[in-house]
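For reference, the structure is listed below as structure tokens.
The values are calculated or read from the model by the stated rules, or taken from the named source; none is laboratory data. Here the structure is a predicted model, which means the values were calculated and not measured. Reconstructed Cβ throughout: ideal geometry from the backbone, glycine too, with neighbour counts over all protein chains shown.
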Amino acid sequence: MKIRSGLTPRRVCEHYGNMHSPAKPFRQPWKLVEHEESFAIVDAGNTVLAMIYHEDEPGRRTTMRRLSREDARRLASQVAKLPDLLDELKRHRAARDAPA
């Protein structure tokens, strides 16, 4: 998968994970909002950051290439936790790199 700038997802994560004072364009906390056929991840300003669609009927799910409801819920909940995980990573790196 390529991102518009030509960076791979790994390079983008490395870039944002290594920034000393990253800009925070999406206000925290991120929350999960359930809809009839999808889960949305929205920030504190109600900006939709991601939509994860699901389908319960197995035949339609295969044809539409959608996740099951439970798999979509799990994925969406993990995406909503990303800001906390990045903060934890920053704290870990700061503690690791701090002079003894």
Item checked: segment 46-69, residues that are farther than 16 Å from residue 79 by Cβ, modelled with pLDDT of 90 or more and of a type in the set (Gly, Ala, Ser) -> 68
Next item on the list: Answer yes or no: is there a residue in segment 44-58 that is touching a Lys or Arg at 6+ places or on another chain (Cβ under 8 Å), part of a helix (DSSP H, G or I) and buried (at least 16 other Cβ atoms within 10 Å of the Cβ).
Entry: no
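Quickly run through segment 24-43 and pick out the residues that are modelled with pLDDT of 85 or more and in a loop (DSSP other than H, G, I, E, B).
27, 28, 29, 30, 35, 36, 37, 43
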Next item on the list: Specify the residue that is nearest to residue 26 (Cα to Cα); the eligible residues are those in segment 42-88 that are in contact with a helix residue (DSSP H, G or I) (Cβ under 6 Å, 6 or more places away or on another chain) and touching a residue at least 24 places away in the same chain (Cβ under 8 Å).
Entry: 50
